[in-house]
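So the structure is just underneath, and the comments pick up after that.
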Amino acid sequence: MVIRSAKELDVYQLAYELSMEIFEISKKWPVEERYSLTDQIRRSSRSVCANLREAWAKRRYEAHFTSKLSDCDGENGETDTWLDYARDCGYISTEKHKDLASKCASVGAMLGSMIRNPGPFIQKP
């Protein structure tokens, strides 16, 4: 199967699903969190997908590709941290946290696999 767009990657689809789920649940968070936790978690979760698109555009160069994937992984880790805060502040249940953190872990595992083995994704001249 030839992948023509980053949007076709399983990791992109899962990360996008996660960011949209975070967007929906964060609509109910307190107004005082708008410019802190809410903004931060939305930004970091969306950055995973945005950086994946950038990585895909740079896949002619393995170092650039893996660098952008590393940025994705960092944003994913940040999202996981904000999820911990959301749980500990009482904005999401332990069960919801477990579900979302599991999705973060899956995204991280997929990104880690791509970082360790970028060859299949590199565009050949």
From the Cα centre of the range 64-102 to that of the range 1-38, the distance in Å is 10
How would the chain be classified by its alpha-carbon gyration tensor: rounded, prolate or oblate, with rounded meaning a/c under 1.5 and the a/b versus b/c comparison settling the rest?
prolate
Using DSSP loop states and a limit of at most 10 other Cβ atoms within 10 Å to flag trypsin sites (Lys or Arg not before Pro), what is the longest stretch of the chain containing no flagged site?
29-125
Coil-residue GluC sites (Glu not before Pro) of the range 10-99, DSSP, other Cβ within 10 Å capped at 16:
none
Going by amide H atoms built from the backbone, whose H comes under 5 Å of the H on residue 91, apart from near neighbours?
none
Residue-by-residue Karplus 3J(HN,Hα) for the range 21-35, coefficients 6.51, -1.76, 1.60, Hz, glycine and proline x
5, 5, 4, 5, 5, 6, 4, 8, 6, x, 4, 5, 8, 3, 9
Distance violations [Cα-Cα > 30 Å] among 28/68; 58/103; 7/124; 28/103; 27/103:
28/68
Tabulate in residue order the Karplus-calculated ³J(HN,Hα) for the range 108-117, using 6.51 cos²θ - 1.76 cosθ + 1.60 with θ = phi - 60°, rounded to whole Hz; enter x for Gly and Pro.
x, 5, 5, 5, x, 5, 5, 5, 5, 9
Give me the percent relative contact order of the chain, please, defined on Cα pairs under 8 angstrom at least 6 residues apart.
29
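Every number in this text was worked out from the coordinates using simple rules, so none of it is lab data. It should be emphasised that the depicted structure is a prediction, and the values quoted were computed from it without experimental measurement. Counting neighbours? That spans all protein chains shown, and the Cβs are built from the backbone with ideal geometry, glycine included.
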